[in-house]
Structures are given as structure tokens and as C-alpha cells.
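My structure is below; once you've seen it, I'll send some questions.
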Amino acid sequence: MRKWLPLITVSLSTFMLLVDITIVSVALPEMARALDSSFTDLQWTVDIYVLVLVALLMAIGSASDLVGRRAVFLAGLVVFAGASLACGLAQSTEFLIAARGVQGLGGAAMFATNAALLGATYRGRDIGIAFGVWGAVNGAAAALGPILGGLLTQHVSWRAIFLVNLPIAVIAIIIAVRYVAESRERAGARIDVPGTVLFTAAVSLLVYGLIEAGDRGWSDRVTLGCLIGAAVAVVVFVIVERLRTDPMLDPRLFRGPSFSALMLGGLVLTGAAFANLVFVSVWAQTVLGLGPVKAGLVLTPLAGVSFVVAGAGGRLLHGVPARYSIGAGLLLVGIGTLLDMLVAPSSGWTALLAGLVVTGIGVGLASPVLASAALTTAPPERAGMANGAMNTFRQLGFAVGVPVFGTALASQARDSLRGSGQFDDPAAAASALSGGGAPELLTRVPAAARDAADHALRTAFTAGLDRIFLVCGIAGLLAGAAVLTLVRPAPTGPGPTSTLDGDTPASDGVAPAGLPTPTRGDGGSVPTGANT
């Protein structure tokens, strides 16, 4: 039992940091009412956590190689616990957003070192078991997040979704201090400070610009300034990384069509399948009138089905090239989200059931093998970098998806309400509606006009959801086609090894689905046999 204690503490930390991505979506309406939050505030509450995690994931992974992964992991646990306490005690939206950002810092420190700690702790058959359990915890976190959020919000308080992290973090810290050994690598490597600063600036400006576009419009100077600044930061990042001997992310990897297609697939998978659920939860609670628990259960079919399919796929798809699993999975995500467009103003939550199930099948097919496929598109010395990039792009899909979909929802709802003639200020009503303010909007309408106003609000929110689902569907279909078309089959027989030019990759993203795969999120590599 003692040898599995490091696995337990790593799994506990992973469960916390991944649950905190999805658990908040169910609590958003209650948080908005308690803190008098605007629609923009709600987007930042969700997005700042993932934004910080994405921006610092690769950099913290590199730092952990130098200062020690156990030390960075413990620091992440402490920071995450302290920030969770701050979130639970927050009395204003601004304080909550700041605390969520610090929480993302702690999450990045844990996420960047989790796989590396397992790779340094276990060998032989044990490493396959360890990574199998860790992968199952990842899936369980996605499935249980909305349910836990609903139960805690409805029966305790929205603050409990953060405070529940404290006892889990304490247990994980105690186990880590006593039973997790320190490990380091790459003594000659240095932290890529310029790359970290530029990447953080690019992602932050992009997300800020997208969120502000929902309030200010695309032609506003602040919006345009942020988006242009993000583009400039990306260009400078590429130039700087090309010149460094030890870059955080080597831009030459993107010369390979397989690597580029898989990064696109990872970004779209998370964005199209999960980012829209934030707004589905708001719709279920504030338009349909469901409680937090029932709203959490509405989101469960996707996560539950994906968990089952991922578990079965490892056995049933053994030997199938991963590009087929990933490509087919993305196509199903696209089809599933297009099926969600069946929702109508008079629909209940069951209108989404078919689409959520199909999307869940797609996620279950694609998600487990994305990391291993990415590893095969890079030279062996860049395998850890490729895995870190995949982790980053997957979370980036959520960070970008939330503001994109929020802007789409608010814009479509505004147009719909303007046409209904039920509200004097359609723009303000659309912003309030998107942020969960449908009940409050109805209380301001005279009783005689309340039915017509309710129908207008339902129609507006449904129109916004339809736009979101359309964007997700198109993105999923295009990304699936890109993976199937651009990811090259593995060459047979002896041949050249993988290069940074993308012309002669070793297996180019088609590692057989279900096979053990060496992955790690900190810029190093895990012994063969690690199974994610």
C-alpha cells in the first residue's frame, strides 16, 4: 500500500485542479447573484484560472527540472489551497477573480509536475498501473465536476466548491512530504524567461480582447488594441524562440503538418466539447429554472459517456492508428454539437441529450490518445516539449472558447431581443440574460407582459446557444478533417528518424490507440510504459 501513496497524492491534486475547471460553471448563477457580477465578470471568473494555468504550464515544468519537481509540486499544493480559501471567502467579484488567478498558478505547478513525479517514482509494470489510474482520475474529474458543483451549491453554498479543496490539499501535502521523493533533470537547462513573458502576454491580450469584444464590440479601440497586441506578441515569441538554444516551445515543430494538425485538434476538442457547457449551465438554471444539482446532471451525459468510451476504447481500438481515433472523435464532436442546435425556445434539457451523448463518444475516442500521438510527431529530444505543448493547447481551447462563445451569445441575444421589442435597452438586457439575469429581468416587466417577455428571453438565449453550437460544430468537423488529412501514417520498415522539418517523422502522430505511451508535462520524458 505504501508504494502507491505517491500515486494517491498526485491523483488527489489532479482531481482538484481539473474539477475546478468545470465545477464553477454550475455555480455561476448563484455567484452572480451573491456578488452582483456582470456577464464580463462571470467570464473572467471562469477564464482567469485556465488562462494562468495555460500561460505558465510549460515554464513551471522547466523550472521544476531545475529546482526539483517535489518542491514545485508542494508549492503548487500550498498556493492552490490558500487561493481556494481566498475564493471561498471572497466578498467581491474583483477579489474572487484575483484569487482564481492565483489558484491557476497553483494548478499549473501541480499539473506540470504530476506526470513527471509518477515517471520518477514507478518502474516496470507499476508505471503502467500508475498512469492508468491517473488517467482514470482525469476522466472522473470531468464527469464529477458538474455534479459536485451542483450538490455543494444547492445544499451548502457556492463558496463550498472552493472550500472543499482544503481538506483534500492537506491530505495531499502530508503524503507528498512523507512519501514522495525529490527528482531533477537537465541540470544545464535554463528557464525561458523571455518566452514565458511573451507567451503569457499573447494569451492574456487575446483572451482580454475577446472578452471585451462582447461588451465594446469588435471595432472598439481597446478590443482592436488587445488583439493586435496579441498578434505582435506571438510574432515576437516565434522570433525569440527560434533564436534560443533551449526554447520553451520550438516553433520549428509546427513545420510538420502532423504536429500542427494535432495541436489544432487538442485546442478544438476542449473548446468545442467543453467551453460551451458554461453557457448551457446558465441556460438550464436561469431560463429553464432548474436547480444547481439538476443543471449539473444535464451536463453529465457528455462526461459520463466519454469516460466509458475512453475506458473501452483502450481495449477495442488496440492497434488502430491514433489519427483515426482522434479524427473520428473530432468529427463526432462536430456532429454532436450540431445536433445540440435542435434546442428551441420551448425545449427542455432533453433536447440536448442526443448531442451530448454523441459529443461524449467523440471525446472518449480522441482524448486518451492525443498526448501519445503528439509525442510521435517530434524528435525524441523534444518529446517532453511536444507533450507540454499538447497540454497547453488543450487548456487554451477552453480559455479562448469561453470568451468567443460569450461574445457570440451576447451578440445573438442582443439581435433577437431588439427584434422582439420587449425591452427598451436590448443590449443591456442581452448582457444581463447572458450572465444569468433572466429571472431578474422578468421581475421588472409588468405582469401583463411577462409571458411575452419570458418567450422573448427564451428565444434570445436559444438563438445564442444555436450560434455557439454552430461554431463548435464547424470547428469540430474542420479539425477532424485536418487530423485525418494531415497526420501522416507511420512509415513501414527502417527509415529516417523524426526531424524538426516535419518531412520524415518517425510515426507522425499515429501511435496505435490504447498502447502504453511515454508522456510528461514538464519538458522531459517518462520511461516507456507510462499510460495516459
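The values are calculated or read from the model by the stated rules, or taken from the named source; none is laboratory data. Nothing here was measured: the structure is a model prediction, and the numbers come from that model. Every residue, glycine as well, gets a Cβ built from its backbone with ideal geometry; the counts of neighbours run over all protein chains shown. Please note that ligands, DNA and RNA were not included when accessible areas were found on the heavy atoms of the full protein model with its side chains. Shrake-Rupley method; radii C 1.70, N 1.55, O 1.52, S 1.80 Å.
For Ala169, all conditions in the list (1) open to solvent by 40 Å² or more (accessible area, probe 1.4 Å); (2) touching a residue at least 24 places away in the same chain (Cβ under 8 Å); (3) touching a helix residue (DSSP H, G or I) at 6+ places or on another chain (Cβ under 9 Å) hold save one; what is the number of the exception?
Here Ala169 clears every test but (1).
If a residue must be part of a helix (DSSP H, G or I) and open to solvent by 20 Å² or more (accessible area, probe 1.4 Å), how many such residues does the stretch 238-251 contain?
Summing the residues that are part of a helix (DSSP H, G or I) and open to solvent by 20 Å² or more (accessible area, probe 1.4 Å) in the stretch 238-251 gives 6.
Residues of the stretch 367-385 being in a helix (DSSP H, G or I) and crowded, with 24+ Cβ neighbours inside 10 Å, which ones?
The answer is Ser367, Pro368, Val369, Leu370, Ala371, Ser372, Ala373, Ala374, Leu375, Gly384, Met385.
Mind listing just one residue for me: the one in the stretch 311-342 that is open to solvent by 40 Å² or more (accessible area, probe 1.4 Å) and in contact with a strand residue (DSSP E or B) (Cβ under 9 Å, 6 or more places away or on another chain) and, of those, modelled with the lowest pLDDT?
His318
Also, I was wondering about something else. If you scan the stretch 153-184, which residues turn out to be among the charged types (D, E, K, R) and in a loop (DSSP other than H, G, I, E, B)?
Correct list: Arg159, Glu182, Arg184.
Could you tell me whether the stretch 407-414 includes any residue that is modelled with pLDDT of 85 or more, more than 22 Å from the chain's Cα centre (by Cα) and of a type in the set (Ser, Thr, Tyr)?
Looking for residues that are modelled with pLDDT of 85 or more, more than 22 Å from the chain's Cα centre (by Cα) and of a type in the set (Ser, Thr, Tyr), one finds at least one in the stretch 407-414, hence yes.
Given (1) open to solvent by 10 Å² or more (accessible area, probe 1.4 Å); (2) over 24 Å from Val293 (Cβ atoms), where does Gly61 come up short, assuming only one miss?
(1)
What is the one condition in (1) part of a helix (DSSP H, G or I); (2) open to solvent by less than 40 Å² (accessible area, probe 1.4 Å); (3) within 30 Å of Leu457 (Cα to Cα) that Gly364 does not satisfy?
It is condition (3) that Gly364 fails.
When only residues in the stretch 261-294 that are open to solvent by 10 Å² or more (accessible area, probe 1.4 Å), of a type in the set (A, V, I, L, M) and in contact with a Gly (Cβ under 7 Å, 6 or more places away or on another chain) count, which is nearest to His455 (Cα to Cα)?
Leu288
A further question follows. Would you say Val203 is at pLDDT 95 or above, hydrophobic (A, V, I, L, M, F, W, C) and assigned to a helix (DSSP H, G or I)?
No, not satisfied.
Could I ask something else about it? Consider Leu89 carefully, then state whether it is under 27 Å from Arg190 (Cβ atoms) and open to solvent by 10 Å² or more (accessible area, probe 1.4 Å).
Against the criterion (under 27 Å from Arg190 (Cβ atoms) and open to solvent by 10 Å² or more (accessible area, probe 1.4 Å)), Leu89 does not qualify.
Name the one entry in Arg394, Arg382 that is under 21 Å from the mean Cα position of the chain (by Cα), within 25 Å of Leu249 (Cα to Cα) and charged (D, E, K, R).
Arg394
Right, Val79: touching a residue at least 12 places away in the same chain (Cβ under 8 Å), in a helix (DSSP H, G or I) and open to solvent by less than 40 Å² (accessible area, probe 1.4 Å) or not?
No; evaluated as a whole, the condition is false for this residue.
For the stretch 409-425, give me each residue that is assigned to a helix (DSSP H, G or I), open to solvent by 20 Å² or more (accessible area, probe 1.4 Å) and touching a residue at least 12 places away in the same chain (Cβ under 8 Å).
Ser411, Gln412, Arg414, Asp415, Ser416, Ser420
Let me ask something additional. Within the stretch 1-11, track down each residue that is at pLDDT 85 or above and either surrounded by fewer than 21 Cβ atoms within 10 Å (Cβ to Cβ) or not in a helix (DSSP H, G or I) (or both).
Residues satisfying the conditions are Trp4, Leu5, Ile8.
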